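The values are calculated or read from the model by the stated rules, or taken from the named source; none is laboratory data. Computed from a predicted model, the values in this text were never measured in an experiment. Virtual Cβ from ideal backbone geometry, glycine too; neighbours counted across all protein chains shown. Quick note on the areas: whole protein, heavy atoms, side chains included, nothing else; ligands and nucleic acids left out. Shrake-Rupley method; radii C 1.70, N 1.55, O 1.52, S 1.80 Å.
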Amino acid sequence: MVGAGVLGLPYAMSRLGWGPGITILILSWFITLYTLWQMVEMHEMVPGKRFDRYHELGQQAFGERLGLYIVVPQQLIVEVGVCIVYMVTGGKSLKKFHDTVCTDCKNIKLTYFIMIFASVHFVLSQLPNFNSISGVSLAAAVMSLSYSTIAWGASVDKGKQEGVEYGYRAPTTGGTVLGFFGALGDVAFAYAGHNVVLEIQATIPSTPEKPSKKPMWRGVVVAYIIVALCYFPVALVGYWAFGNAVEDNVLISLEKPRWLIAMANMMVVVHVIGSYQIYAMPVFDMLETLLVKKLHFPPGFALRLIARSTYVAITMFLGMTFPFFSGLLGFFGGFAFAPTTYFLPCVMWLCIYKPRKFSLSWITNWICIILGLFLMILSPIGGLRQIIIDAKTYKFYS
């Protein structure tokens, strides 16, 4: 659940401001916890049947064909989007590690660091399924907790910077408004575990006496408490220390103690290696199914090697071409994460359970849907603007 998006939260706060920033963080926490509860409940709502994939749930709610057309494109955008952002994150953190450890070394391009990071995935992507990456997942979870703690701990240690300002970053009103929209996407990107939650629940054994939703819900609650302990301190302390001068990745703002910051950046690398694989697995699954069933390729090692390596190469190329952490977060966060995380579960709930008009459930779901729609429409505009601004001063493959 704790994504590398947590490192962009202080930057999002600098574009939202204290009041709106705290409100949006708390609101997102509650809304996404509620939609996650809905997904856990809907996993086994038909006796004797389990919906192990997001699109299966979509088909139950919207019909066989429409369900696929609504859910699958959004899931693919989320998964491919995360993979691109994680390519950039991995490369940037490796570069920061190198620059911190070796201050006198020759400057190496970010492009090369993204290539180094991608080289790991050409190997790891050959692992067959979810169970074979459980060790990688555990390492990733420990790392994300550790670097979140380092991020806010080092910010507290560094203290409030001299001449720190908490006003909005942009000099113009238009810039402030569009920055605000982009920051909403940054927050949405940070809460993004919904796309793989049914696949995870599918691995829990279930009987009519002991349905899988009970242990799963306990797991979700624990995960969300940890999410709160990671996200809120990083967002608030990072913004408090650096104000609106904070970088889009808070670890880049922190310089000292050098060994600790180098360690934190290495932890980010380990974490995004694991997370990249988790989000790439469903894409590999779809890709290979399509190649075997529709295009009649023989299944086997050769197919896996070529299909998966091509996918890693494409995400690497896109990451090298557009290495804008914050702009990408805002764009993908709003465009794809808002629907799958904030309002698609609510729409499914209304379609399947048909709660009474103006009952509490009906009102709650409609509030989530309206807020989610706003998020989906507004934040890609802010994110795209950020990418265009960054691209103006950026030399490709530098």
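Taking the range 201-219 on its own, how many of its residues are part of a helix (DSSP H, G or I) and surrounded by fewer than 17 Cβ atoms within 10 Å (Cβ to Cβ)? Please lay out each step first, then the result.
Within the range 201-219, the first condition is being part of a helix (DSSP H, G or I), and the residues that meet it are 201, 213-219.
Now drop any that are not surrounded by fewer than 17 Cβ atoms within 10 Å (Cβ to Cβ), which leaves 214-215, 217-219.
Total meeting the criteria: 5.
Leu184 passes all but one of (1) assigned to a helix (DSSP H, G or I); (2) farther than 15 Å from Gly17 by Cα; (3) at pLDDT 80 or above; which number fails?
The number of the failed condition is (2).
Can you find, within the range 131-185, the residue that is farthest from Arg15 (Cα to Cα) among those that are more than 22 Å from the chain's Cα centre (by Cα), β-branched (Val, Ile, Thr) and open to solvent by less than 40 Å² (accessible area, probe 1.4 Å)?
Among those residues, the one meeting the criterion is Val164.
Please find, within the range 263-293, the residue that is most open to solvent (accessible area, probe 1.4 Å) out of those that are within 18 Å of the chain's Cα centre (by Cα) and over 27 Å from Leu198 (Cβ atoms).
Met267
Just give me the residues in the range 343-367 being open to solvent by 10 Å² or more (accessible area, probe 1.4 Å) and touching a Cys at 6+ places or on another chain (Cβ under 7 Å), in sequence order.
Result: Phe343, single match.
In the range 251-368, which helices (runs of 4 or more DSSP H) lie fully inside it and hold 2 or more residues that are of a type in the set (A, V, I, L, M, F, W, C) and over 30 Å from Thr393 (Cβ atoms)?
By residue number, 258-289, 301-321, 344-353.
Does the range 316-326 include one or more residues that are open to solvent by 60 Å² or more (accessible area, probe 1.4 Å), out of contact with any strand residue (DSSP E or B) (no Cβ under 6 Å at 6 or more places or on another chain) and closer than 30 Å to Gly179 by Cα? Explain how you work it out, then say what you get.
Here is the first cut: in the range 316-326, the residues open to solvent by 60 Å² or more (accessible area, probe 1.4 Å) are 317, 322.
In the following step, the residues that additionally are out of contact with any strand residue (DSSP E or B) (no Cβ under 6 Å at 6 or more places or on another chain) were identified as 317, 322.
Adding the requirement that they be closer than 30 Å to Gly179 by Cα leaves 317, 322.
Yes, there is a match, as at least one residue in the range 316-326 is open to solvent by 60 Å² or more (accessible area, probe 1.4 Å), out of contact with any strand residue (DSSP E or B) (no Cβ under 6 Å at 6 or more places or on another chain) and closer than 30 Å to Gly179 by Cα.
Residues being in contact (Cβ under 8 Å) with a residue 40 or more places away in the chain and open to solvent by 10 Å² or more (accessible area, probe 1.4 Å): count how many of those fall in the range 29-46. Give the steps one after another, and end with the answer.
Here is the first cut: in the range 29-46, the residues in contact (Cβ under 8 Å) with a residue 40 or more places away in the chain are 29, 31-45.
Next, only the ones that are open to solvent by 10 Å² or more (accessible area, probe 1.4 Å) stay: 29, 31, 33-34, 37, 41, 44-45.
The total comes to 8.
Could you check, for the range 355-363, whether at least one of its residues is of a type outside the set (Lys, Arg), in contact (Cβ under 8 Å) with a residue 24 or more places away in the chain and either closer than 26 Å to Ala280 by Cα or out of contact with any Pro (no Cβ under 8 Å at 6 or more places or on another chain) (or both)?
No, the range 355-363 contains no residue that is of a type outside the set (Lys, Arg), in contact (Cβ under 8 Å) with a residue 24 or more places away in the chain and either closer than 26 Å to Ala280 by Cα or out of contact with any Pro (no Cβ under 8 Å at 6 or more places or on another chain) (or both).
Counting only residues that are part of a helix (DSSP H, G or I) and open to solvent by 30 Å² or more (accessible area, probe 1.4 Å), how many does the range 107-124 have? Lay out the reasoning, then the answer.
Step one: of the range 107-124, the residues part of a helix (DSSP H, G or I) are 110-124.
Of the ones still in play, those that are also open to solvent by 30 Å² or more (accessible area, probe 1.4 Å) are 112, 115-116, 119-120, 122-124.
The total comes to 8.
Closer than 20 Å to Asn249 by Cβ and either in a helix (DSSP H, G or I) or not small (Gly, Ala, Ser) (or both) - does that describe any residue in the range 125-140?
yes
When you scan the range 220-262, how many residues do you find that are more than 23 Å from Ile22 (Cα to Cα) and buried (at least 16 other Cβ atoms within 10 Å of the Cβ)?
2
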